[in-house]
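What follows is a set of notes on a single structure, which appears directly below.
Read-outs: derived from the displayed coordinates by stated rules, not from any lab. The structure presented is a predicted model; accordingly, all values stated were derived computationally and were not measured. Because the Cβ atoms are built from the backbone with ideal geometry, glycine has one as well, and the counts that use them run over all protein chains shown.
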Amino acid sequence: MVFADQPQPRRKPSLTPMIDVVFLLLVFFMLASQFGLDQVVRLPLAAAGNGAQSYSGPPRLVTITREGLRLNGVEIALADLPDALQSLTDTLNDPVILRGQNAATSQQVLDVLGPLQAAGFTAVVLVE
């Protein structure tokens, strides 16, 4: 009587080394990546009564909404905002008030603040 070799059951591949490699790749990319850049926004901090600049001249209220911008209630494009504000101010040190409405994001506020500071406006006041 001849006995044939009994077939050996196939071994299932071990997933442990693959899980280790995936975990190491995850840790590597988390440590090597940069999630965001910090941006410093300089706003004048002056409390009322402590030498705060008085407001004079025509209103300069920039309202930031989800849909766009309004200067004193009139819709305006972001590219036209610095020129429109220069016609309402005597100097670039006159205060400009930024107000974000409920649906406005902080990124939209920063998108408006950048061109204003690039145009030379130094007294930008952010209100709720």
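I'd like the trypsin sites (Lys or Arg not before Pro) in region 53-86 restricted to DSSP loop residues with at most 12 other Cβ atoms within 10 Å, sorted by number.
Here the sparse-neighbourhood loop sites are ARG66.
Net charge within 14 Å of PRO82 by Cβ-Cβ distance, Lys/Arg positive one each and Asp/Glu negative one each, not counting PRO82 itself?
Net local charge, PRO82 excluded: -3.
Multiply the residue gap between SER56 and VAL21 by 0.36 nm, knock off their C-alpha separation, and tell me the result in nm, one decimal place.
So the extension gain works out to 6.1 nm.
If each residue of separation counts as 0.36 nm, what is the full-extension length gain between SER14 and THR65 once their alpha-carbon separation is subtracted?
Taking 0.36 nm per residue and subtracting the Cα distance, the gain is 12.8 nm.
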